[in-house]
Structure formats: C-alpha cells, structure tokens
1. Looking at region 64-116 only, could you name the residues that are within 14 Å of MET365 (Cβ to Cβ) and without any contact (Cβ under 8 Å) to a residue 12 or more places away in the chain?
2. Residues of region 137-167 being outside any helix (DSSP H, G or I) and either within 16 Å of the chain's Cα centre (by Cα) or modelled with pLDDT of 85 or more (or both), which ones?
3. Pick from region 304-317 the residues that are surrounded by 14 or more Cβ atoms within 10 Å (Cβ to Cβ) and of a type in the set (A, V, I, L, M, F, W, C): which of them is farthest from SER364 (Cα to Cα)?
4. For the subset of region 378-425 comprising residues that are part of a strand (DSSP E or B) and modelled with pLDDT of 80 or more, which member is surrounded by the most Cβ atoms within 10 Å (Cβ to Cβ)?
5. Does SER343 count as assigned to a loop (DSSP other than H, G, I, E, B) and either among the hydroxyl-bearing types (Ser, Thr, Tyr) or buried (at least 21 other Cβ atoms within 10 Å of the Cβ) (or both)?
6. Consider LEU14 against the criteria (1) buried (at least 18 other Cβ atoms within 10 Å of the Cβ); (2) in contact with a helix residue (DSSP H, G or I) (Cβ under 7 Å, 6 or more places away or on another chain); (3) touching a residue at least 24 places away in the same chain (Cβ under 8 Å): it satisfies all of them except one. Which criterion is unmet?
7. Within region 320-340, how many residues are in contact (Cβ under 8 Å) with a residue 40 or more places away in the chain, surrounded by fewer than 18 Cβ atoms within 10 Å (Cβ to Cβ) and within 23 Å of ALA391 (Cβ to Cβ)?
8. Quick check on region 291-314: of everything there that is without any contact (Cβ under 8 Å) to a residue 12 or more places away in the chain and either charged (D, E, K, R) or part of a helix (DSSP H, G or I) (or both), which residue is farthest from VAL158 (Cα to Cα)?
Amino acid sequence: MTHDELIACEECDLLQLGAPPAAGNALRCRRCHAELRRGRSNGPEFALAFTCASVVLIVISNLFPIVGLSLNGHVVNTTLVGAVRMLYEFGTWPLALLVGLTTIVTPVLQTLAMLWLLVPLHFGRLPWRAAEGFRLFQLARPWGMTEVLILGLLVALVKLAHIAKVVPGTALWSFIVLMLLLAAAAASFDPHEVWSRITEKGGARAWPLPSIRFRRNAITASAYGLALCEECGLLVQQPSDAAKHVCPRCKAPLHQRKPASLSRTWAYLVAAMVLYIPANVLPVMDTSSLFGSQTDTIMSGVVYLWVSGSWPLALLVFIASIAVPMLKILGLGYLVLSTQLHSQWLPGQRTRIYRVIELVGRWSMLDIYVITMLVALVQFQALATIKAGPASIAFGAVVVLTLLAAMSFDPRLMWDALETERVHSE
C-alpha cells in the first residue's frame, strides 16, 4: 500500500483517508483519536520470532512446578495444570474451567494461530485457510491473561510466606518471560500487514472499494452503505442481499453495527450486578487448620494484606477485585443508558471511558488466580487446607460477564445520535 487508503474508525465510524504510518508512529482518528494503524518495521518477522520462543516457554511453564511450599519437611509443589485439577476435584469446576481457559487454552490457541499464519509466509508460501487462522487469533486474544496470572502469583506468594517456606519453581520464571514474549508477539502482529502479504502472494483477492462520491452531510462509513469487518478490518460495501452479509475476505458475519448491542450489554450487566453482591458477601476462601476453621471474603483478604504490612498489594487487590468490577458496571451502565437516550453530550469523553473499561477489565481476574494458587499449595492434611468458597464462582462469573458486556457494546452507537442531529440540522 503506497497511497492513501479509505479507513473507517472502529470506534466512531468516521470515514477518512490515511497514509501508512512510518515505523514507530501511529495513525489516529481525527475525531475520537482512536488508533487506526500503527507503523511497524518487519512486524511479521519479529512476531514469528517471539511466537517461536513462546512455544518453548509454554511447554516449560505447563510441565514444571510453578512454586512449592515447605512445612516441617513436607513439600507441596504444583503446576498450573495441577492447580486447575485441584479446583475441579474440590467441586469448583466452573472456576477450574475459567482458570484453565484463560491461562492454558487461550495462550496456546493464540500462539498456534500466529504460527499458522506466519510460518508459511516466512517461507514464501500461503497460509492454509488464512481466514480461519485470523478468526482463531481474534477469538483467543482477549481471553489470554498471562500477565494477570503473574501478578496473582506474586500476591499468593506474599500470603504463603506467612504460612511456610516458599520455594519458587522453574515455571514461575518461565511464566514471567512468557508474559513478555506473548505481549511482544501480539504487539508485533499486524493483521493489515499480514493480509497485505497474503494478497500480494495471490492467496486473497484484493477488494477495492467502489468509487464513492463524498457528500457534505455524510461523513461516516454507514452513511455510504459501507461496513467494517470486525475480524479482519476490511471495509466493504454492504450487500443488498441479507443472505450475503458476510465479509468477502474472512467470511465473518458483516454488520454496520454490532447486532442487538444495547440489549445484550444490558443482559450481561444485569447478571453481573446480581452476582456482584454474593461475590463480595459470601466467603471466597475456607481455611481449615489445627486452630480451627476460618472463612475469608475478598475484603477480609485485603485487610489481611494491609495489617501484615503488604499495603501496596492490599491496595492492588482492592482496586482489581472490588473497585474495578464495580466501576466497570457503573461505567458501562452509564454508557448504555446515555446511548439509549440518544445523548449527544461529550461523545469523545464517553469513548475514552469505554477504552479504559476495555483496558482494565481483565485485571479483575487477579483474585481468582490468587485463590487458585492457595488452594493448590495449602494442602497439608491435618495441619492446614484451603478450599475455594462459593463467592469465588460468583466473582469469576462477574468478571466474565463484565468482559462480555464490554465486548457487546458498540461505541459507534454513541456517535450515531450526533450524526442524526447534524444531518437534520443541515
């Protein structure tokens, strides 16, 4: 691509011309300042190198122990798979499924998807069923939470240090490096560049836009009957035949706006509101020891970290596990309600609120990973055992539901009210 191309913003639908940015620079929407393109130097090559290194570390991280706990000569070690299995054996299978998907399955799928696409291109060949590979990558990317797992391990180690001697395992260090490599691979992986290379090699047809005539009262893609594919980023003319509303390049469903966006967001939000109460009131952990039994809520865990002197971690857990879920629910509720009321008030600021909600949402999983490590390691039979409480399942559901709510909300709807008023006034 050597000339300006027609680009539709994913967050406000503004139609604009943009030239490919230089390496290290970013092209941003001139209305809502969302990032449209980022210039990368040899992005696919760097992404392939990081991904190949990630494969090795994924194997090490899942085969070797993450951490061990030594008490009176008795040592308990656990791997990540072992921790998930322990949750399942104690009856908290929904929690085991959530932890397994976000820490084992999705990082593996994301890595395989990038290898699927990048290895053939590196050797001058076309990826087999490239569209499916891209869709797998887009599906797995939001749910991989290795960086949150590392922070959860840190909090768990602080708590465990008050119980017994902590012995860091090989997988702990490999997970830290894996977190950095996966982040670097995802940052280097540019779908636009990869699709461009596939098209150059003849593996995909170039899809030129029909010639459009710019009108004074039409500035968005939808005003010209154009739709942006959410999977591959192709901007195409919306077909008149409803049966053909699929992206011609990746075959994903094609919509000018996310279908039933507001109703689906409300459904997820209401469910999250209902579960937020038991998640914070019921015990999240049950501890049995020689001195009796004790139940802990999320807030009591924050208090324990604070009084034990680990106030930075206490503040971190409070923000991630209590403040962030509540603020996400309130923030998304405000965005959905103002959009339903066709509010034209500060759409730029509301778009920034949406970006922050998307950015911080995954960090609410912190407490889930802390519980997973404690349950897996504190199993000293008559001396001390820890089990996940009913609040852990409710809290995990709140995190998933708020993530789904953010994914269901279409920020372009916030700008539609402004466009309608502008067209009527002209």
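The values are calculated or read from the model by the stated rules, or taken from the named source; none is laboratory data. As the structure is a prediction and not an experimental result, all values here were calculated from the model. For neighbour counting, all protein chains shown are included, and Cβ atoms are generated from backbone atoms with ideal geometry for every residue, glycine included.
1. Hit for region 64-116 is LEU97, nothing else.
2. GLY144, MET145
3. For region 304-317, the residue satisfying everything is TRP306.
4. ALA388
5. The answer is yes for SER343.
6. (2)
7. Residues in region 320-340 being in contact (Cβ under 8 Å) with a residue 40 or more places away in the chain, surrounded by fewer than 18 Cβ atoms within 10 Å (Cβ to Cβ) and within 23 Å of ALA391 (Cβ to Cβ): 2 in total.
8. Among them, the one singled out is SER300.
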